[in-house]
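Here is the structure we will look at.
The values are calculated or read from the model by the stated rules, or taken from the named source; none is laboratory data. Note that this is a predicted model, so its numbers are computed, not measured. FYI the Cβ positions are ideal-geometry reconstructions off the backbone, even for glycines, and counts take in every protein chain you see.
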Amino acid sequence: MQCEICGAEIRGDSFKVSIDGSELTVCGRCSQYGKATGKRAPVSRKVAPVSRAPMTSGTRRPPKKAPEMVVDELVDDYAQVIREAREGKKWSHDQLASKIKEKAMLIKKIERGEIVPEDDIRQKIEKALDIKLTERSGDSDWSGDRLNRGTTLGDIVTIKRK
C-alpha cells in the first residue's frame, strides 16, 4: 500500500488521519500532518427541542422581498467637479480648507485626483460647495444578460498554458 501524501510504500503500520476533512491512509512520517481518526471522541448532542406554534389558516405572511442593493458611488470626475465649484465661488484652496476644517494640501490632492476623499471629507466638501459628488447605483444598472446565456468557467478565468 502507498502513502496518500508522499507516495512511498507503507511498511509496517498504516495510519488513518484526517486532513482538512479528508480521511487519508498515510505512513508514519506523514501521520504528523493530520489528526488520527482511529479514535472517536464523544460528541455532545445537546440540542434544545424546537416547538412550532400551530399555524392558523389565514395568518400566513407573504415571503419578504430582498431589498434591492442600492449604493451611492463617487462620480468619476469628482476632482473636476470640486475644482469647478470652488473656482465658481472664487475661493482659494486655503479658503475651502478653512471652511471644512481640513488642510489645503488635502484639497489640492483631491482636485488633482491623487486622493479619493473619504466619506466624511466628501460630505464636508459637498455641503461647503453645495454640490453632489455621489450617484446612486444599484442592481437595476447591471444587466445579467451574459449570465443568462450560460456563463462558463472559461468566461471568467484566464487559462495559462506552459
Subject >> Every residue from region 76-104 that is assigned to a loop (DSSP other than H, G, I, E, B) and exposed (fewer than 14 other Cβ atoms within 10 Å of the Cβ) >> reply: ASP76, ASP77, LYS89, LYS90, SER92, LYS101, LYS103
Original post:
In region 105-162, what residues are part of a helix (DSSP H, G or I), among the charged types (D, E, K, R) and modelled with pLDDT of 90 or more?
Top reply: LYS108, LYS109, GLU111, ARG112, ASP120, ARG122, LYS124, GLU126, LYS127
